[in-house]
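These notes are about the structure you will find just below.
No lab work stands behind these numbers, since they all come straight from the coordinates. Bear in mind that the values here come from a model prediction, so they are computed numbers and not experimental data. Note: ideal-geometry Cβ built from the backbone for every residue, glycine included; neighbour counts use all protein chains shown.
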């Protein structure tokens, strides 16, 4: 990431612990959001706030898509219990 040129205006600065800060001037927000999301949890948008909110909204939508698929295991139905009298009466009838 440090050595790759993504955009002619980019400025890359190391900020410690193997992390970098990247600044650039770009257009086309849709493409930029997709590019940022491609880094998964390795990328965090610091600013501008509008871009940060847009990336956050896309991540929430993605998480909601997965959460909708999670189903709760069905609970067991209570077993029907007959009284001894009812069982005995049924046995006499049949």
Give me the residue from the range 16-67 that is within 18 Å of residue 3 (Cβ to Cβ) and assigned to a helix (DSSP H, G or I) and, out of that set, farthest from the chain's Cα centre (by Cα). 35
Looking at residue 7, is it under 25 Å from residue 59 (Cα atoms) and surrounded by fewer than 10 Cβ atoms within 10 Å (Cβ to Cβ)? no
Per-region count, the range 1-15, residues touching a strand residue (DSSP E or B) at 6+ places or on another chain (Cβ under 7 Å) and in a loop (DSSP other than H, G, I, E, B): 3
